[in-house]
Structures are given as structure tokens and as C-alpha cells.
Amino acid sequence: MVNVADTSNTANKVNDADNSSDVVGLNHLVGIVILAGGASKRMGSPKAELMLPTNERLLDYHVRQALKLSAALMSNVPIMIADNGRGFAINLDLIEKNPQVPIIHITDYLSSNNFSANDDEPIETGGALVAIEAALQYLMSSMTMTLTLTNAANAHASWLMVISCDSVIAATDLWQKLRSYMAQATDKSVICLTDDQHLYPLLGIYRLDIEPDLKHYIDNGQRQVMRFIKPIVQPVAFSEYWRLLTNFNTPKEFECACITLNDL
């Protein structure tokens, strides 16, 4: 089976971790956004539509794993699909078996001022940051409307998980890897994976209270992810095995990721 997070007692492990004294009451995962909008010319098809050896689409795999994390946290964490308007359908079984969890498509944030900071020429919309901004806005709006204990006033303690379709790292595993750093890196607003060469900002968690700053950054014609997160990021090193599970851009790299996943 193609599973990273399908280990025994996964839900118990996540619940035990989230009940630790350094997290409970302080930090919460309040949303998951799956970035599925890339065209991927080198791959030959959108990555979200890639088929795993288990005959499951990559997008459905990430939705299924996100649902597992939501269940393990005993919280109906919204799952947002940012597919750049491609309209990728989700396996109906996943939706019907989990009616309590919102699974929604979101539209990328489109600035009312889509102009370059250096001239008056319009810039192209799209990219990861506009999808992340849309997810942050959705969560901020939802918390404000519901007026729950975790609301817009507590955005500093609320986090969005970002997971991209160039990876087969499961949401539960990503959460377990990153969550302890929320209490340790109190001055950081983005926590993401890294290896000895690169940051992986699209495999990370983002504090909700960065939303106004991100909106301002986009409104001023900026789209560079690294430039935005550099002052506020906490990198978390991961193993060689995990590196093979992500950042695939060709069919051969995807095949390697699937083989590595099966071997874990």
C-alpha cells in the first residue's frame, strides 16, 4: 500500500502529542490547504492528477491523508483545494464518508492592485502565495463569523498547513514533524521543511496572523515565496528518505518517490 501515515495507532500518537503541555491551549491547526494548481510541463500532466501505484490520484491521496489528520486531532479541520480554477473533482467516497469535514475549492486571492512595484505594467497572477493568502482569508473570515474560542483575535495561536502536490509526504507525518517547533520558535510565523540545500515552504505551517502582511506583499506586486518568508521562517531538517518523497518534476522522479514511499 502507498502509505506514509497509515501506521498503527496514528490517531493516538497525534492526540498524545497535541495534548502535551507546550501545545494544548496554545497552538491549533485550523486549516489545511492542498496546492494543486501547477501545470507541470515536464511531468506531462498536472501533478494533482498523477496516479499512485494503488490507483489513487495524488490529489485524492492528500485529501484522504488530511482527513486522517483531522480525525486524529478530533477536530473538523477544513480542507481547502487550491487548484488555480482547474476544478479538479474529489473522490466522492472521501466526501460522503466524512460529511462533517469541510472540503472546499478556494479561488486564489486576486489583488485589487495587480501591478508591479516598479512600473505600471500588470503582472501575471497565480503562484503559491496567492493560494496561501486565499486560504488564510477563508480561515480568518470563518473564525470571525463563528465566534468560537479560536477566533480572529487568537490568530497568533492558529496555524494553516500548506501541502503541495509535488510531494507524497502525508499531512499527519508533516504535522508530527513540525508541530513541536510552534512552541520553540515563538518568534517565527512559518515553519517548513528543509534539507542541506533548499527550503520547502510549500510543506509547512503558517501562522494566521501573517495574513495582513502577506496581503500587503501581494498587493505591492510581489510573488516570491522565499523573499516573503525569509525573516519569519523556522526551518526543520528532514531525512534523505523524505527528500526523495518530494519536489518531483518528471515521471522518473515521481516513480522514485512512489518506490521510496512503498519502502517506508
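The values are calculated or read from the model by the stated rules, or taken from the named source; none is laboratory data. Bear in mind that the values here come from a model prediction, so they are computed numbers and not experimental data. Every residue, glycine among them, receives a Cβ derived from its backbone with ideal geometry; neighbour counts consider all protein chains shown. What goes into the accessible areas is simple: the full protein's heavy atoms, side chains included, and nothing from ligands, DNA or RNA. Shrake-Rupley method; radii C 1.70, N 1.55, O 1.52, S 1.80 Å.
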task = State whether the residues of the stretch 237-253 include one that is closer than 16 Å to K47 by Cβ and without any contact (Cβ under 8 Å) to a residue 12 or more places away in the chain.
result = yes
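Residues in the stretch 37-52 that are assigned to a loop (DSSP other than H, G, I, E, B) and open to solvent by less than 50 Å² (accessible area, probe 1.4 Å): how many? Show your work before the answer.
Our first condition is that a residue be assigned to a loop (DSSP other than H, G, I, E, B); within the stretch 37-52, this holds for 37-46, 50, 52.
Retained after the next criterion (residues that are open to solvent by less than 50 Å² (accessible area, probe 1.4 Å)): 37-38, 40, 43, 45-46, 50, 52.
Of the residues in the stretch 37-52, 8 are assigned to a loop (DSSP other than H, G, I, E, B) and open to solvent by less than 50 Å² (accessible area, probe 1.4 Å).
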note = Checked A171, A134, A157, A153 against criteria (small (G, A, S), within 16 Å of L208 (Cβ to Cβ) and at pLDDT 85 or above); the one match is A134
ask   = Does N84 satisfy being under 19 Å from A134 (Cα atoms) and either open to solvent by 20 Å² or more (accessible area, probe 1.4 Å) or assigned to a helix (DSSP H, G or I) (or both)?
value = yes
ask   = Got a sec? Which of D213, D263 is in contact with a helix residue (DSSP H, G or I) (Cβ under 9 Å, 6 or more places away or on another chain), free of Cβ contacts under 8 Å to residues at least 60 places away in the same chain, over 30 Å from M43 (Cβ atoms) and open to solvent by 60 Å² or more (accessible area, probe 1.4 Å)?
value = D213
request  = Evaluate the following for N114: is it modelled with pLDDT under 70 and of a type in the set (S, T, N, Q)?
outcome  = yes
key: Pairs where the first residue, in the stretch 145-171, is over 24 Å from P251 (Cβ atoms) and the second is part of a loop (DSSP other than H, G, I, E, B) and modelled with pLDDT under 90, C-beta under 8 Å, 6+ apart   = A157/L26; A157/N27; A157/T150; S158/N27; S158/T150; W159/N27; A171/A5
